[in-house]
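Written below as structure tokens is the structure these notes are about.
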Amino acid sequence: MPHRTTRRRFLQTAAGVIGFWGGLSRASDRKAANDKLNLGIIGVAGRGAANLEAVSSEAIVALCDVDENYLGSVRQRFPHAQVYTDFRRLLDQKGLDAVVISTPDHTHAPATVMALKAGLHVYCEKPLTHTVHEARVVAETAAKQKRVTQMGTQIHAGSNYRRVVELIQAG
């Protein structure tokens, strides 16, 4: 059974996306609807390259990867961005609105919590954490800092995954 998008479903989805990106402006530094976000990209290879492409219409002001070879070509594409090999230094940069974290799994939770504590909104690849405790720390930190977070799970919205769910639910 093909999944048919209704007008109501489309509007709900659009509102969710707009709500996430629209909620990224800091209360003390509201941005107009058409202003670009100042983003830091942590991890620029593999999944990070795809994420960077997805947000490249925003203002990419900082790039970070532990492997300088990966930074080479990306540095040419975004010549005005500051470049780092340690994400902790990137988080010290002034003027960032949010970060995109696409690093190896074991750094997701620590980088997310540090970014939230630095006052930044966070988009992080899955898995966000490895333990329930880490997930609670991330959620509590985001709430305390009044910052928006999102975890990347795009592929799970595809028709093939929805079909598997339908099959399982149908027994």
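Take A81 and tell me if it is out of contact with any Lys or Arg (no Cβ under 7 Å at 6 or more places or on another chain), touching a residue at least 60 places away in the same chain (Cβ under 8 Å) and open to solvent by less than 20 Å² (accessible area, probe 1.4 Å).
Taking the combined requirement at face value, the residue does not satisfy it.
So which of V74, V66 is out of contact with any strand residue (DSSP E or B) (no Cβ under 8 Å at 6 or more places or on another chain) and of a type in the set (V, I, T)?
V66
Output the residues belonging to segment 36-55 that are open to solvent by 30 Å² or more (accessible area, probe 1.4 Å) and either touching a strand residue (DSSP E or B) at 6+ places or on another chain (Cβ under 9 Å) or part of a strand (DSSP E or B) (or both).
Scanning segment 36-55 gives K36, N38, R47, A54.
Quick check on segment 99-112. Is at least one of its residues assigned to a helix (DSSP H, G or I), within 19 Å of A54 (Cβ to Cβ), open to solvent by less than 80 Å² (accessible area, probe 1.4 Å) and of a type outside the set (A, V, I, L, M)?
The answer is yes, given that some residue of segment 99-112 is assigned to a helix (DSSP H, G or I), within 19 Å of A54 (Cβ to Cβ), open to solvent by less than 80 Å² (accessible area, probe 1.4 Å) and of a type outside the set (A, V, I, L, M).
Checking the condition hydrophobic (A, V, I, L, M, F, W, C), modelled with pLDDT of 90 or more and over 14 Å from the mean Cα position of the chain (by Cα), which residue from A33, A45, A27 passes?
A45
Evaluate segment 86-97: report whether one residue or more is in contact with a Gly (Cβ under 6 Å, 6 or more places away or on another chain), farther than 18 Å from T153 by Cβ and part of a loop (DSSP other than H, G, I, E, B).
Yes: one or more hits.
Give just the number: which of (1) touching a strand residue (DSSP E or B) at 6+ places or on another chain (Cβ under 9 Å); (2) modelled with pLDDT under 95 does V100 not satisfy?
All conditions pass for V100, except number (2).
When the residues of segment 140-171 are filtered to those that are in a loop (DSSP other than H, G, I, E, B) and of a type in the set (K, R), which remaining residue is most open to solvent (accessible area, probe 1.4 Å)?
The selected residue is K146.
So which residues in segment 113-128 are assigned to a loop (DSSP other than H, G, I, E, B) and touching a Gly at 6+ places or on another chain (Cβ under 7 Å), if there are any at all?
Across segment 113-128, the qualifying residue is only K126.
The values are calculated or read from the model by the stated rules, or taken from the named source; none is laboratory data. Note that the structure is predicted; figures quoted are calculated from it, not measured. Neighbour counts run over all protein chains shown; Cβ positions are idealised from the backbone, glycine included. Note: accessible area is taken over every heavy atom of the protein model, side chains too, but ligands, DNA and RNA are not part of it. Shrake-Rupley method; radii C 1.70, N 1.55, O 1.52, S 1.80 Å.
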